[in-house]
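Report on the structure given below.
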Amino acid sequence: QVQLVESGGGLVQAGGSLRLSCRASVRTFSRYCLAWFRQTPGKEREFVAAVAWNSARTSYADSVKGRFTISRDNAESTAYLQMNSLKPEDTAVYYCAATLSSGIPYNYEFDHWGEGTQVTVSS
């Protein structure tokens, strides 16, 4: 059983920064691909970013490229999402996700999910 716990959300002004963390309770953390998704009320959950097991590959949604950076620390079983130049449209609940895969799934399907952390960007 993989448990994922997100933290670091909050309220920030447009142009500001936040760093989200995702702590995993699994001994084989390095075997998992990690990702971040987000969801706003009435909309489907959307992919934000993913990082392969050894950080050699990353993938980003076009809407966050150049502003967000995903990373991971396998020794700490933690993934991060550094969010810079935040915009009001980044407001959402952000979810951490994991799947047992060395690479990034082509269809962005993930098996394990956290409870989410709210990010609100004011204009």
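The values are calculated or read from the model by the stated rules, or taken from the named source; none is laboratory data. Being a predicted model, the structure only gives us computed values, none of them experimental. When we count neighbours, we look across all protein chains shown, and the Cβ atoms used for this are built from the backbone with ideal geometry, even at glycine. What goes into the accessible areas is simple: the full protein's heavy atoms, side chains included, and nothing from ligands, DNA or RNA. Shrake-Rupley method; radii C 1.70, N 1.55, O 1.52, S 1.80 Å.
List pairs: first residue in the range 103-123 and under 19 Å from residue 7 (Cα atoms) and of a type outside the set (A, V, I, L, M), second residue modelled with pLDDT of 95 or more and part of a loop (DSSP other than H, G, I, E, B) anywhere in the structure, Cβ distance under 6 angstrom, at least six positions apart or on different chains.
117/9; 118/9; 120/91
Just for the range 14-55: of the residues that are under 30 Å from residue 122 (Cα atoms) and among the β-branched types (Val, Ile, Thr), which one is most open to solvent (accessible area, probe 1.4 Å)?
The extreme case among them is 40.
Filter the range 92-119 for residues that are hydroxyl-bearing (Ser, Thr, Tyr) and surrounded by 15 or more Cβ atoms within 10 Å (Cβ to Cβ); which is farthest from residue 9 (Cα to Cα)?
Pass one, the range 92-119, residues hydroxyl-bearing (Ser, Thr, Tyr): 94-95, 99, 101-102, 106, 108, 117.
Still in the running and surrounded by 15 or more Cβ atoms within 10 Å (Cβ to Cβ): 94-95, 99, 101, 108, 117.
On the way: 94: 8, 95: 11, 99: 23, 101: 27, 108: 23, 117: 5 Å.
Residue satisfying both the conditions and the ranking: 101.
Collect the residues in the range 22-53 that are among the acidic types (Asp, Glu) and part of a loop (DSSP other than H, G, I, E, B), keeping them in residue-number order.
Correct list: 44 only.
Write out, first by first residue and then by second, each pair whose Cβ atoms fall under 6 Å of each other, whose residues are 6+ apart or on separate chains, and whose first residue, in the range 1-22, is touching a residue at least 24 places away in the same chain (Cβ under 8 Å) while the second is charged (D, E, K, R) and open to solvent by 90 Å² or more (accessible area, probe 1.4 Å).
5/23; 8/19
Here are some conditions: (1) part of a strand (DSSP E or B); (2) within 15 Å of residue 51 (Cα to Cα). Residue 120 meets all but one. Which one does it not meet?
(2)
So in the range 56-91, with the set limited to residues that are surrounded by 15 or more Cβ atoms within 10 Å (Cβ to Cβ) and of a type in the set (Gly, Ala, Ser), which one is farthest from residue 10 (Cα to Cα)?
Among them, the one singled out is 59.
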